[in-house]
Amino acid sequence: MSVAVTADIVGSRTLTDRGGAQRHLEGAVDRVESDFPLSERPLRPTVGDELQGVYPTLAAASAGVLLIRLALPDGIECRFGIGVGPIDDVPSTTVGTISEGPAWWAARAAIDTVHAKQSRTLPGVRTWAAAAESQDAAVREAVRLANSGFVARDQLVTAMAERIRRITYRRCVGDTQRAIAAAEGITQSAVSQALAASGGAVLVDAVQTLLAAE
C-alpha cells in the first residue's frame, strides 16, 4: 500500500504573479522535505497548477501536507487530495515509468471532495483522503478518522496569519519559544500567547504525534 498525494493551487487563475506563486510553493515543499524527509517521492509539478507526490504511510502524508500549509506565505494556498491504495509504475519508452493506479484515482476523488466542500459549508477545508476500493475495512476506518482531523485542523490553519503559521512551523521544527521570539522581534510571552490563541500549539502536538507514528 502506498499513499498518493495530489495538490493544486487555490485560485491559481486569478493570481497576479503565477510564476512567483509557483516558486514560493516549490520552495515550501523543499523546505519541508529538508526539515522532515517524510515522502518517497516529493511533491513535484505535473501539469498546470498541480503537483503530485508519494508518501509511505497515511501518517506521513498527513504530517507532510500540514507542514507545507504552515510553510506557505500569505496569498498562496493549496488543496490536497490523499489517496490510499496500490500504485503501479507503467513502463514508458520516453519518460521511463508512468505512475498510476488506484491510489492516484482515490487522490483525485479526494481533491474533488475538497472542491465540493469548499464551495458549500466548509470554505476553510483544504485536505481530504480517500481509500481505493481494494482497501480493507481497517484502512477505510483510518481514512475516516484522518478526515475528521483534517476538517478541524484545516479550519485552524486557514484562519492563521502568516506570522502565526511561521511561528507554528518553527515550533514543529523544534525551535524554542525564546529563539522564535528573537527572530520575530517579539517577546517570548507573545509567542506563547500566539500559539495558544491561534491553535498553533495544538498543531505542533498533532505533528509530533504523527511523526512519532513514523
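Brief remarks follow.
- The 3J(HN,Hα) values that the Karplus relation (6.51, -1.76, 1.60; θ = phi - 60°) gives for the stretch 194-203 are, in residue order, 5, 5, 6, 6, 8, x, x, 4, 5, 5 Hz. Gly and Pro appear as x.
- The stretch 2-159: radius of gyration over Cα atoms, expressed as a fraction of 2.2 N^0.38 Å: 1.00
- Cα convex hull of the stretch 160-214, projected area averaged across orientations, nm²: 3.4 nm²
- Considering only Thr127, Thr187, Thr168, the Gaussian network model of the chain with Cα springs below 10 Å gives its largest mean-square fluctuation to Thr187.
- For the stretch 41-141, the set of trypsin sites (Lys or Arg not before Pro) satisfying both a DSSP loop assignment and a count of at most 15 other C-beta atoms within 10 Å is given as Arg120.
- Only Lys, Arg (+1) and Asp, Glu (-1) charged, at Cβ; the stretch 160-214 dipole about Cα centre in debye: 140 debye
- Within the stretch 21-84, the proportion of C-alpha pairs whose separation exceeds 16 Å stands at 38%.
- Residue order, fewest to most surrounding Cβ atoms within 10 angstrom, among Ile111, Ile9, Ile167: Ile9, Ile111, Ile167
- For the stretch 97-149: rounded, prolate or oblate by the Cα gyration tensor [a/c cutoff 1.5]: oblate
- A dipole drawn for the stretch 1-105 from +1 and -1 charges on Cβ atoms has a positive end, and of Gly48, Gly11, Gln22 the residue lying farthest that way is Gly11.
- Coordinate range along principal axes, alpha carbons of the stretch 108-214, Å, largest first: 51, 33, 18
Quick note: the coordinates plus some simple rules give every number you see, no bench work behind them. Remember, predicted model here, so these are calculated numbers, not experimental data. With ideal geometry, Cβ positions are generated from the backbone for all residues, glycine too; neighbour counts draw on all protein chains shown.
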